[in-house]
Every structure is written in structure tokens, then in C-alpha cells.
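Read through the structure below, which is laid out as C-alpha cells, and then see the notes.
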Amino acid sequence: MKKKKILFITVPFHAGVVEVAGSWIPLYLVYVAGAARAAGFDAEIYDAMTKKVGYNEIRQKIEESKPDYVGVSSFTCTVPDAIKVLELAKSINPAIITIMGGVHPSFMYEEMFSLTESLDYVVRGEGEITVAELLKTLAADGSPAKVQGIAYKEEGRVIATEPRPFMKNFDAQPMGWDLLDWEDYTYFILPGSRLAAVCTSRGCEQECTFCSQQKYWNRTWRGRSPEDVVREMEHLNKTYGVDVILFTDDYPSPDRVRWEGILDLLIEKDLGIKILMETRAKDIIRDADILHKYKKAGIIHIYVGTEATGQECLDYIKKDLSIEESKDALRLLREVGIVTETSMILGLPDETKENITETLRLIIEYNPDFGHFLAIAPWPYSDIYNELKEYIAVKDYRKYNLIDPIIKPKAMTLEEIDHAIIHCYKTFYTKKFNEMMDEKDEFKKNYLITSMKLMMTTSFIKKKMGSLTYGEHEQMPPEMKGLMHKLMGAGHPEIKPDRKLKSSIIRKINIQAPVSRVFEYVTNPDNWTHYVTSLVDVRNISSTTLSAGTQYEWTYRMLGINLDGTGSIIEFEKDIKFSMEMKGAFPIRETFTFQGDEESTLLTFEIRYNVPGKVLGVVADKLVIEKLNVTEAVAVLNKVKDICEAEA
């Protein structure tokens, strides 16, 4: 008998800041997919978010997979897109059973059912046992009322079953690691890395009123054994080549004995894995005598939650922390050479311009390597929500992303909060740049500068501070222009181009248009600047009929710099293949491959390139160029698709 299948899908939502540093694995889905398989079901994971695809590609995946169940996980800002994915699944096949999990629906399940008729079940809380039991119950035509930890509709009423107790021990869980497309996951700051995530513990016993996690886990904390954590890390390293791991725990280190056990095992195994993590300032101070073990175990970057620079604000949000503890923790980490990161929450009801000025002054005094300025997001299930409710000015959940202001303070407008966030970022990072250039530790210096470059090319920074790829009539803000000039004059050695064009980006898209029409559009020089938006001009084409050997001149705009060069057609095979090579400051070869018929086309776009030298090589190293090329490839394919389908 054929096994029933569940397809887990991440939603095509992009928040900006989170995606600057890396492409992150959907760890929760790896857990529940593993649990579903262990229960006797086929499982797939389609990470639409990381693949940067849209609903057309999700539709195609569902049609190809033919699942019996579709599952999504959602937090507040992804709710609209999660609902849209489930509605898409039902439109393809109404018999598909849809399941939603995650923090927001766990608390707001009645709201979820009120927003769509396409949701069948909500998994509330910890999902592994619940998903497995729900699938087995449904496959056997049993009653969902017997499944703990779910919500569903019956005869128009929302029914919530009794909560499921947390697992006492979550060592040795069945995992769906092999269901991931591992080539998708990298930590952009470390070129060539393979990025994974490991959860060493679950929960938090603190009382921070703005946070969802302490409430989601009922202020409990459970830790995996050191042996199980390190076994999993070793498996990821040896099986999938993972060399960077994010500890996803909100709080991995409250139990010092267990935590030091993990560090000691990592030192003993010497896996060569670099670790990114978050913890509390109090634990850093507690561990002052073993911070050398942090470094030796591979920890390179720690986020320390400070959230506020005023004690009154810290007390208001029940952050069990003092200002001096935050300063001491960041100082101790700097002294052992670990990269530090923290954030400040702006926009509470009593916020004023003077408060924000003081916050900026104090975070500069704290001197983390990275500082973030976040707009408070009032999760509708958080302890602080009722206190903030009357100040909520934005209802669109998509904007509950810690970037867009949601709360209107008594003495400020939303626009003033937004401008204050921009000002804080500009001021903080303009100052930090000089410190980065004076850093004596070469690894840390390169890490910080690469991070800075990635931040300056991300869509979040472009939106908030002005585009770095500004056009003829756009103006880069003076602060950013000055920082760009500093980066360009940073004194890095020139990187000479590798003429072998060994780096490669490949993306594909399905287009509902005849292959002959798509080929005709792509190969017409009049269209090149329309679908390659960074291509400013193509001129002096050597022949009116394109063929292999046709020559031309081009101007391309990257990071605000116009690059000129010559190019030639390398391959021209009608309705099959079209390849161009451009020479100059930015050597690159772009190849389109066409497969299809009179109804549809599978268009494959490959960009082969290397890192440029001279000015552009200073501004944009390998990882920045890779990120820009991935963005370009996706944009080109989507543009061609939109135009060809509109004309079909």
C-alpha cells in the first residue's frame, strides 16, 4: 500500500535583516518531517523562503508532489502568506488536508480559522508527537478529538483539544536532514560555508513581557544531553559538510554543568565547526572563567539580548538585567575575541526623541560589534499586548517584522520612529567602520567588514537608508556615500580576476508561454535592458542578426558604479541555448537554456563569474557578488516570465 505523503512548505516571506547574513534552514520542519516519517508517512520539505521563489513555484511543487497533507509553520508576520499557501493547496486539490503550526497559530487558532476556510488543523505547541499522532489518526479515519494539542472546526465551531504535555526528553529525535537541499544553505559572511542549525535546549524561564518564547514554553526549560548535541553536530559535519552551526536556542546556557559539558566535548572532538549563538548577559558574566572554552569550542559570534539602555525600560519589559551587566558581558566577550551583537527596542508608548538619543549614545558606549534598532512588535498573545493595544496603529501582520513601526508613542509619530531607526543605524555603523579597520585580529576584521558590505547591499538597508544601486536621478544619503568611499579606499589588496569563471549561480523558472516566444524575447538586444535591470546600455552591436561571434559594448551598474566593457555571443542555438560573455571590470558569462513546447517553457539561467579587482573588488568581495548575482538571476527570470506570460 502506498504511503500517504505530507509536504511541508516554508512561506515566501522576506524580512530583510534576518536574511543579510545567511540562508537559514527551517529547523522546526526538519523535526516534524522526521517525526512524520518515523510514524510511517512520506515527507518532503520545500523551502520556498530560502529558494526565494513565489507562489507559481509553490503551485508547481504541490502539483508535482501530489501530497495528501500540506503543512506550514507561521509566526505573526508570516500569517498572511501561510494562509495563502494553504489556500493555494486547496485550490489545486480540495482533498488535501492542511495543517498549520508555529507560535502565532498556537495561541491565535480561533483567529486563524476566522481568516480562511482552507485551514483544517492547527498544531498547538511542541509539534513532533502531535503531528505524528494527527496523521495516523486521519489516515485511520479516527476522531481528531482524541489527539492532544490541536484545534479544528466542526459544524462551524472551533474545537481545541486538551494541551499536549512537553516531551520530558528530546534527545535522539528522528530528523529529516536528508530532505533539505543542502546547497541552498550558507553563511554569507564565511565564503564557501555550509550552514546548519541545532537546538540544544527548548524554553526559557524568564519573564520578558514582549517575548513569545517564554509564553510558548510556559516558562519551562529543557536541555538535551551534551553527548546528544555533539553527536548531531558531528553527524551534520561528516554527512553534509556542515562547518557553521547556529544554536537556535533562546537560552542554551542556564545549566552551567551541562553547558560546560557541551563546550568540553566540542573541544575534544575538534570538528572545526564555527558556532553562532544567543545567550544572556548574566551567563557570560558567570562564565568569565571559562570564556576561553567558548572560543576554543568554536563559538565565534554571540548575540546578547540587552533590548534597552535605560533601567526603567528594562524593568518595564521585565528584563531581569542591569545596564552594568550588559556592558560587562559585551566587554568580556570582546576581550576573548568573540564577535558581539545586541539590539535595542524602540517605539514603546513613552518613547521620545530624547530617549532615543540617549539609547544611541549608550549603545555606542556598550560598543558591540553589531547593533540593531528594532521597532517593538506587539505579538497579540504576548504579556505586554494589552498594555500596548491602544497604541497599535498598524494592523497588517506582514509589518510585525521588528523593522516597521507598529506602535505610535504618545509623543511621536510612526514616521518619526522610522526616521529615528534610520538615524540610529547610520550613526552607529558610520562610527563602527573605523573601529573595524583598526581591528588587529585578521579573522574578526574580515568577518566584520564582510558583514558590513552585506548589510549595505541588502534590500532592508536600501529601503531604510537609500539604494546603493542608485540611478541617475537618485541620491545616496551623504552618510552612506561617505561610508562607501571609506570601503572603496580601505586598502585591501587587489584581487585579480580568475578568467576561468569558476563561480556559478543557477536558477530555473517555468513560464506559461511557447518556447519560441521566450527565446525570441530573451535574445532580442532591445529587451536586454528591460529584463536585466542593472544593465544600463547595450550598443555598437556588430551585426543585425545575432549569431555566435556577434560583438557588442555594454554598461552595467553595480553598487552605484558604472562598469563598461565589451561582450560577445558565445552560443546561439534557436529555441535551445543562448550564451553571452562580457569582458572588462566584471567578467561574466550568462547562459539561458530553453526546454519546452507550444504551451510552456522551462527557462534555466546560469551566471558564471569571478570576483572583480580594483575598485569594485574592494567594495564587493566574493560573497557580496554572489548575493547580488543570486538576486539578479531571480529578478531576470521573474521579469522574463511576467512579460512573456502577459503576451502569451
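The values are calculated or read from the model by the stated rules, or taken from the named source; none is laboratory data. Fair warning: this is a prediction, and the values are worked out from it, not measured in the lab. Ideal geometry is used to build each Cβ from the backbone, glycine not excepted, and the neighbour counts take in all protein chains shown. When the accessible area is computed, the model is the full protein with side chains, heavy atoms only, and any ligands, DNA or RNA have been set aside. Shrake-Rupley method; radii C 1.70, N 1.55, O 1.52, S 1.80 Å.
None of 79, 20 is open to solvent by less than 20 Å² (accessible area, probe 1.4 Å), over 15 Å from the mean Cα position of the chain (by Cα) and of a type in the set (A, V, I, L, M) except 79. Inspection of the stretch 388-411 finds a residue satisfying the criterion of being within 27 Å of the chain's Cα centre (by Cα), surrounded by 20 or more Cβ atoms within 10 Å (Cβ to Cβ) and part of a strand (DSSP E or B). Remark: pairs (first residue in the stretch 280-291, within 21 Å of residue 248 (Cα to Cα); second residue among the aliphatic types (A, V, I, L, M) and surrounded by fewer than 16 Cβ atoms within 10 Å (Cβ to Cβ); Cβ separation under 6 Å; 6+ apart in sequence or on different chains) = 291/336.
Per-residue answers, yes or no, for (1) closer than 13 Å to residue 636 by Cα; (2) in contact with a Gly (Cβ under 8 Å, 6 or more places away or on another chain):
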site	(1), (2)
516	no, no
526	no, no
529	yes, no
546	no, no
552	no, yes
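Looking across the stretch 167-177, the residues that are within 28 Å of the chain's Cα centre (by Cα) and either surrounded by fewer than 14 Cβ atoms within 10 Å (Cβ to Cβ) or not in a helix (DSSP H, G or I) (or both) come down to 170, 171, 172, 173, 174, 175, 176.
Check 126, 117, 110, 162 and return the single one that is charged (D, E, K, R), closer than 25 Å to residue 76 by Cα, over 22 Å from the mean Cα position of the chain (by Cα) and open to solvent by less than 50 Å² (accessible area, probe 1.4 Å). Break it down into steps so the answer makes sense when it comes.
Working: 117 fails: open to solvent by less than 50 Å² (accessible area, probe 1.4 Å); 110 fails: open to solvent by less than 50 Å² (accessible area, probe 1.4 Å); 162 fails: open to solvent by less than 50 Å² (accessible area, probe 1.4 Å).
Criteria check complete, one pass: 126.
Screening residue 374 against (1) of a type in the set (A, V, I, L, M); (2) more than 20 Å from the chain's Cα centre (by Cα); (3) open to solvent by 20 Å² or more (accessible area, probe 1.4 Å) leaves a single unmet condition, (2).
With respect to the conditions (1) among the small types (Gly, Ala, Ser); (2) at pLDDT below 90; (3) open to solvent by less than 20 Å² (accessible area, probe 1.4 Å); (4) within 25 Å of residue 414 (Cβ to Cβ), residue 310 falls short on a single one, namely (3).
Would you confirm whether or not the stretch 38-51 contains a residue that is touching a residue at least 60 places away in the same chain (Cβ under 8 Å), closer than 29 Å to residue 381 by Cα, open to solvent by less than 10 Å² (accessible area, probe 1.4 Å) and not acidic (Asp, Glu)? Outline the logic, then answer.
Narrowing the stretch 38-51 to residues touching a residue at least 60 places away in the same chain (Cβ under 8 Å): 38-41, 43-45, 47, 50-51.
Narrowing the set further to residues that are closer than 29 Å to residue 381 by Cα leaves 45, 47, 50.
Those left that are additionally open to solvent by less than 10 Å² (accessible area, probe 1.4 Å): 47.
If we keep only those that are not acidic (Asp, Glu) as well, we get none.
No, every residue in the stretch 38-51 fails to be touching a residue at least 60 places away in the same chain (Cβ under 8 Å), closer than 29 Å to residue 381 by Cα, open to solvent by less than 10 Å² (accessible area, probe 1.4 Å) and not acidic (Asp, Glu).
Of the residues that make up the stretch 222-230, is at least one open to solvent by 20 Å² or more (accessible area, probe 1.4 Å), farther than 18 Å from residue 333 by Cα and in a strand (DSSP E or B)? Checking the stretch 222-230: at least one residue is open to solvent by 20 Å² or more (accessible area, probe 1.4 Å), farther than 18 Å from residue 333 by Cα and in a strand (DSSP E or B). If you go through the stretch 122-160 and keep only what is under 16 Å from residue 29 (Cα atoms), in contact with a Phe, Trp or Tyr (Cβ under 7 Å, 6 or more places away or on another chain) and in a strand (DSSP E or B), you end up with just 122.
Filtered by the rule that a residue be assigned to a helix (DSSP H, G or I) and open to solvent by 10 Å² or more (accessible area, probe 1.4 Å), the stretch 332-355 gives 332, 334, 335, 353, 354, 355.
Selection of the stretch 245-270 for residues being open to solvent by less than 40 Å² (accessible area, probe 1.4 Å), of a type outside the set (D, E, K, R) and modelled with pLDDT under 95 yields 251, 252, 253. Output the residue which, of all residues in the stretch 602-644 that are touching a strand residue (DSSP E or B) at 6+ places or on another chain (Cβ under 8 Å), at pLDDT 55 or above and basic (Lys, Arg), is least open to solvent (accessible area, probe 1.4 Å). Residue satisfying both the conditions and the ranking: 641.
Here residue 556 qualifies as hydroxyl-bearing (Ser, Thr, Tyr), within 32 Å of the chain's Cα centre (by Cα) and either open to solvent by less than 40 Å² (accessible area, probe 1.4 Å) or modelled with pLDDT of 85 or more (or both).
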